[in-house]
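**Q** Sharing a structure here in structure tokens format.
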Amino acid sequence: MHTLTPKGGKLMAIDPDAPAGAASAAPPLAIASDHDAAGAPIHRGWAPVGSRHRWMEPFVLAMLAGGAAHGYAIVGELAQLGITTGSVDVGQVYRTLRDLEEAGQVRSVWVTGTGPARRDYELTDAGAGALDEWAAVMKERARLVAEFDARYLEWLTDRRR
């Protein structure tokens, strides 16, 4: 059995049966809580899936699913979505891109030509799998929000009678 422990600000899977100092053979932590019989990710409930900045991951992955993009283009798209009440934290976007690249979900290349050199990011196969898992998480959260909204509207309607 693997347990979760914080390491460097991230949750890591630890195998308690492994010798001290041995590398863990634990699989990477999943985003969705389970998979159905066909292997499609599913998620139940509103369990936390990481730190607050991790909320940006599904949006960045979804944007890169549409094709390669550079960081400031992603910042612009996030701003258009209105995912924050103020301006998008550019540093947070680049930290997210770096984390996704370290996880093998995104790769980047330097592009030169007209204008200054820039780094373009693209989704990897692992990133597509993570995007599938995030979709399961988001669908479940949307279902829960819709359930809350329906109950709220029912209460509001009853209150006005």
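We did not get these values from a lab; they are worked out from the coordinates using the rules stated. Treat the numbers as computed from the prediction; the structure is a model and nothing was measured. Note that each Cβ is placed from the backbone with ideal geometry, even for glycine, and that neighbours are counted across all protein chains shown.
**Q** Shape of the range 84-137 from its Cα gyration tensor (a ≥ b ≥ c, root eigenvalues): rounded if a/c is under 1.5, otherwise prolate when a/b > b/c, or oblate?
**A** Numbers: a/c = 2.48, a/b = 1.27, b/c = 1.96.
Verdict is oblate for the range 84-137.
**Q** Work out from phi, with θ = phi - 60° and the Karplus expression 6.51 cos²θ - 1.76 cosθ + 1.60, the ³J(HN,Hα) of each residue of the range 118-131, listed in order in whole Hz, and give x for Gly and Pro.
**A** Result, rounded to whole Hz: 9, 9, 9, 10, 9, 6, 9, 4, 5, x, 5, x, 5, 4.
**Q** From the phi of every residue in the range 86-101, what ³J(HN,Hα) in whole Hz does the Karplus formula 6.51 cos²θ - 1.76 cosθ + 1.60 yield, where θ is phi - 60° and glycine or proline is x?
**A** Taking θ as phi minus 60°, the curve returns x, 7, 6, 6, 4, x, 5, 5, 5, 5, 5, 4, 5, 4, 5, 5 Hz for the range 86-101.
**Q** Can you sort 84, 114, 157, 96 by how many other beta carbons sit within 10 Å, fewest first? Could you put the intermediate results ahead of the total?
**A** Numbers: 84 12, 114 5, 157 9, 96 23.
Final ranking by Cβ density, sparse to dense: 114, 157, 84, 96.
**Q** At 7 Å along Cα-to-Cβ for each site, give me the label-to-label distance between residue 124 and residue 143 in nm.
**A** 3.1
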